[in-house]
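Novice: Just dropping this structure here.
Read the figures in this text as sums done on the coordinates, not as results from a lab. Every value quoted in this text rests on a predicted model; they were computed, and no experiment measured them. Glycine gets a Cβ as well: all are built from the backbone with ideal geometry, and neighbour counts include every protein chain shown.
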Amino acid sequence: MKNILILGASGSLAQQVIPTLLANPEHHLTLFVRNARSVSQFTGERVAIVTGDVLNIAQLSAVMNGQDVVYAGLSGNLKKMAQNIVQAMNENKVKRLIFISSMGIYGETGENHGAILEPYRQSAQVIEQSDLDFTLLRPAWFTNGSEIDYALTYKGETFKGHSVSRKSIADFIDKLVQNEQLGIRQSIGIAKV
């Protein structure tokens with residue numbers, strides 16, 4: 001049994017990630033959300049729903065206890081959230097983090113996205129400076145497509161593609177959860193080419 005903590009469980013990407021991870025009977029998910037009703041459709045014997053806020057370090061640290069993998073797909077004060085995640089994971093000796101960022105944070109798309117990416121840059125820097133077994137995922141624009149079709153690029157490489165289905169991202173996240181050596185301490189771009 002693998003215990004997986006889902007931060008940002010009510011987000012549009014997590015809504016695809018959760019059923020993908022639950023397809024594996026060995027996974028037990030803890031959905032950490034501000035509003036439990038937003039994830040009530042996932043209620044089940046392998047799902048715990050915990051109400052709380054990533055910005056509340058005490059709540060976050062409490063829910064972190066006993067987890068094997070942390071998935072974070074968040075919005076808002078991303079730098080502070082990243083700092084809290086690193087602190088709570090260290091306090092609870094949890095090492096594996098999959099953190100959703102954005103394409104363009106290193107200028108790898110060749111486009112100037114301006115200040116909109118600053119929270120993603122800052123949070124990525126916090127994660128990269130930690131000693132966690134992180135994978136930073138930098139997806140292109142999300143689509144609702146049903147295809148699983150994606151290519152990966154790595155930090156320092158030119159980003160390829162402009163969009164990617166949530167289903168594709170969920171597929172790769174599932175691979176990251178299954179293979180504990182895949183993507184360790186890497187920043188990976190994901191898009192349909």
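Novice: Out of Ser146, Ser165, Ser102, any idea which swings most in a Gaussian network model of the chain, alpha carbons joined below 10 Å?
Specialist: Answer for the Gaussian network model of the chain: Ser146.
Novice: Roughly what % antiparallel, to the nearest 5, for the DSSP beta bridges in segment 70-193? Write out the running numbers ahead of the final one.
Specialist: Working: 5 of 21 bridges.
Around 25 percent antiparallel, to the nearest 5.
Novice: I need the calculated FRET efficiency for the pair Lys2 and Ser61, taking r as the beta carbon distance and R₀ as 22 Å, to the nearest 0.05.
Specialist: On the way: r = 20 Å, r/R0 = 0.92.
In this case the efficiency is close to 0.60.
Novice: Here is a follow-up. Would you mind checking which residues have amide H under 5 Å from Ile98's amide H? H placed 1.01 Å from N; only 5 or more apart, or other chain.
Specialist: Here Val70, Tyr71, Ala72, Thr135 satisfy the definition.
Novice: Determine the relative contact order of segment 70-193: mean sequence separation of Cα pairs under 8 Å and six or more apart, normalised by residue count, in whole percent.
Specialist: Details: 221 pairs, mean separation 33.5, N = 124.
Rounded, it is 27 percent for segment 70-193.
Novice: Show the residues, 5+ positions off or on another chain, whose built amide H is closer than 5 Å to the amide H of Tyr106.
Specialist: Close amide H contacts, sequence-distant or interchain: none at all.
Novice: Okay, next question. Taking H as built 1.01 Å from N, whose amide H comes closer than 5 Å to the amide H of Ile49, not counting residues under 5 places away?
Specialist: Under 5 Å from the amide H of Ile49: Leu31.
Novice: For the pair Asn112/Thr43, report the inter-label distance in nm, with labels modelled 7 Å from Cα in the Cβ direction.
Specialist: 5.2
Novice: When the scattering of segment 1-116 is computed by the Debye formula from its Cα atoms alone, each counted once and equally, what is log10 I(q)/I(0) at q = 0.13, 0.18, 0.20 Å⁻¹?
Specialist: Treating every Cα as an identical point scatterer, log10 I(q)/I(0) equals -0.51, -0.90, -1.07.
Novice: Label points 7 Å out from Cα along the Cβ direction at Arg185 and Ser75: separation in nm?
Specialist: Each label point lies 7 Å from its Cα, and together they span 3.3 nm.
Novice: While we're on this one: When the chain is fully extended, how far beyond the present Cα-Cα distance does His162 get from Asp53, taking 0.36 nm per residue of separation? Write down the numbers at each step before the final one.
Specialist: Details: separation 109, 0.36 × 109 = 39.24 nm, distance 3.14 nm.
Result for the pair: 36.1 nm of gain on full extension.
Novice: Kindly identify segment 115-193 as rounded, prolate or oblate by the Cα gyration tensor criterion: order the square roots of the eigenvalues as a ≥ b ≥ c, call it rounded if a/c is under 1.5, otherwise compare a/b with b/c, prolate if a/b is larger, else oblate. Kindly include the intermediate steps, with their values, before the conclusion.
Specialist: Values: a/c = 1.91, a/b = 1.24, b/c = 1.54.
Verdict is oblate for segment 115-193.
Novice: So if we plug the beta-carbon distance of Leu22 and Ala151 into 1/(1 + (r/R0)^6) with R0 = 35 Å, what FRET efficiency do we get, rounded to 0.05?
Specialist: Once rounded, the FRET efficiency stands at 0.85.
Novice: Another question, if that's okay. Below 21 Å, Cα to Cα, which lysines can Lys2 reach? Residues fewer than 8 away in the same chain don't count.
Specialist: Counting by Cα, and skipping residues close in sequence, Lys2 has these lysines nearby: Lys93, Lys95, Lys175.
Novice: Cut-off 10 angstrom, C-alpha nodes, Gaussian network model of the chain. Which of Ser101, Ser40, Ser130 fluctuates the most?
Specialist: The residue that fluctuates most here is Ser40.
Novice: Rounded if a/c is under 1.5, else prolate if a/b is larger than b/c, else oblate: which is segment 85-138, with a ≥ b ≥ c the root eigenvalues of its Cα gyration tensor? Let's see the in-between values first.
Specialist: On the way: a/c = 3.40, a/b = 2.47, b/c = 1.38.
Cα axes put segment 85-138 in the prolate bin.
Novice: Additional query: Going by average Cβ density within 10 Å per residue, which order do the peptides 139-145, 9-15 take, highest to lowest? Let's see the in-between values first.
Specialist: On the way: 139-145: 16.1, 9-15: 19.6.
Top of the packing list down: 9-15, 139-145.
Novice: From the square roots a ≥ b ≥ c of the eigenvalues of the alpha-carbon gyration tensor of segment 55-193, which class results: rounded (a/c under 1.5), prolate (a/b over b/c), or oblate?
Specialist: Working: a/c = 1.88, a/b = 1.41, b/c = 1.33.
Prolate, since a/c reaches 1.5 and a/b exceeds b/c.
Novice: Once you have all Cα-Cα distances for segment 146-190, histogram them in 5 Å bins from zero and send the whole-percent values.
Specialist: P(r) for segment 146-190, in whole percents per bin: 5, 22, 27, 26, 16, 4.
Novice: What is the local net charge at Gln15, summed over the other residues whose Cβ is closer than 12 Å to its Cβ (Lys, Arg +1; Asp, Glu -1)? Present the calculation step by step, with values, prior to reporting the outcome.
Specialist: Working: positive: Arg166, Lys167; negative: none.
With Lys, Arg at +1 and Asp, Glu at -1, the neighbours total +2.
Novice: What is the gain in length, in nm to one decimal, between Asp174 and Val193 on full extension, counting 0.36 nm per residue of separation less the C-alpha to C-alpha distance? Don't skip to the answer; put the middle values down first.
Specialist: Working: separation 19, 0.36 × 19 = 6.84 nm, distance 2.03 nm.
Full extension of this stretch gives 4.8 nm more.
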